[in-house]
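K.L.:
Dropping the structure in here first, questions after.
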Amino acid sequence: MAAPNIVNVTTITGKSAAMEVTTTATDLVTNDSDSGKVIKLNALYVANIDGSAAAGITTSIMKAGSNNRTQHYLTYTVSVPADSTIDIITKPIYLEEGDSLRLRASADSDLEAICSYEEIS
């Protein structure tokens with residue numbers, strides 16, 4: 001598990017990931033512990049598809065540690081109004097090897113998320 005040096009980049013691959021956010025914390029983007037890559041998170045949008053009720057979104061970065069993973073919150077139960085979208089990541093965030101972007105909703109089937117990112121190696 002290391003933070004690969006990105007000075008001599010040979011590949012940058014643009015990607016996106018999407019999911020329905022549930023009440024179970026789930027990884028949306030993961031950088032495997034032996035990937036040899038850095039993942040650059042560029043944008044994260046969360047949309048509330050429920051027509052009448054707000055729902056809360058909790059987002060975090062799970063950082064790899066020597067013996068376990070530690071959660072660091074980007075948002076914590078931030079309200080997403082009905083029929084609207086919020087922009088969670090407006091500046092790039094890097095995921096080192098073993099790190100992941102995790103999401104959890106206050107209600108099932110109300111929120112959907114999409115993340116734009118780059119795999120750099």
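The values are calculated or read from the model by the stated rules, or taken from the named source; none is laboratory data. Source: prediction; values computed, not measured. No Cβ is skipped: glycine too gets one built from the backbone with ideal geometry, and neighbour counts run over all protein chains shown. Accessible surface is based on the protein model in full, side chains and every heavy atom, while ligands, DNA and RNA are left aside. Shrake-Rupley method; radii C 1.70, N 1.55, O 1.52, S 1.80 Å.
K.L.:
Which percent of the accessible area of the chain is formed by carbon and sulfur heavy atoms (probe 1.4 angstrom)?
P.N.:
Using a 1.4 Å probe with all protein chains present, the chain comes out at 47 percent carbon and sulfur.
K.L.:
What lysines does Lys37 reach when the alpha-carbon gap must be under 16 Å and sequence neighbours fewer than 8 apart in one chain are set aside?
P.N.:
Cross-link targets: Lys15, Lys63.
K.L.:
Return the sequence-ordered ³J(HN,Hα) values of region 44-53 in whole Hz as given by the Karplus equation 6.51 cos²θ - 1.76 cosθ + 1.60 applied to θ = phi - 60°, using x for Gly and Pro.
P.N.:
For region 44-53, the Karplus curve yields 9, 10, 10, 10, 9, 9, 7, x, 9, 10 Hz.
K.L.:
What is the magnitude of the charge dipole of region 3-107 about its Cα centre, with +1 placed on the Cβ of each Lys and Arg, -1 on the Cβ of each Asp and Glu, and no other charges, expressed in debye to the nearest 20?
P.N.:
So the dipole magnitude of region 3-107 works out to roughly 200 debye.
K.L.:
Cross-link partners among aspartates and glutamates for Lys91, C-alpha distance below 17 Å, same-chain residues fewer than 8 apart left out?
P.N.:
Lys91 reaches Glu118, Glu119.
K.L.:
Same structure, new question: Choose one of Ser16, Ala55, Leu41: the residue whose Cα lies farthest towards the positive end of the charge dipole of the chain (beta-carbon charges +1 Lys, Arg; -1 Asp, Glu; about the Cα centre).
P.N.:
So the residue furthest toward the plus end is Leu41.
K.L.:
Given a 1.4 Å probe, how much area per residue of the chain is accessible, in Å²?
P.N.:
Spelled out: the 1.4 Å probe surface of the chain, per residue, equals 53 Å².
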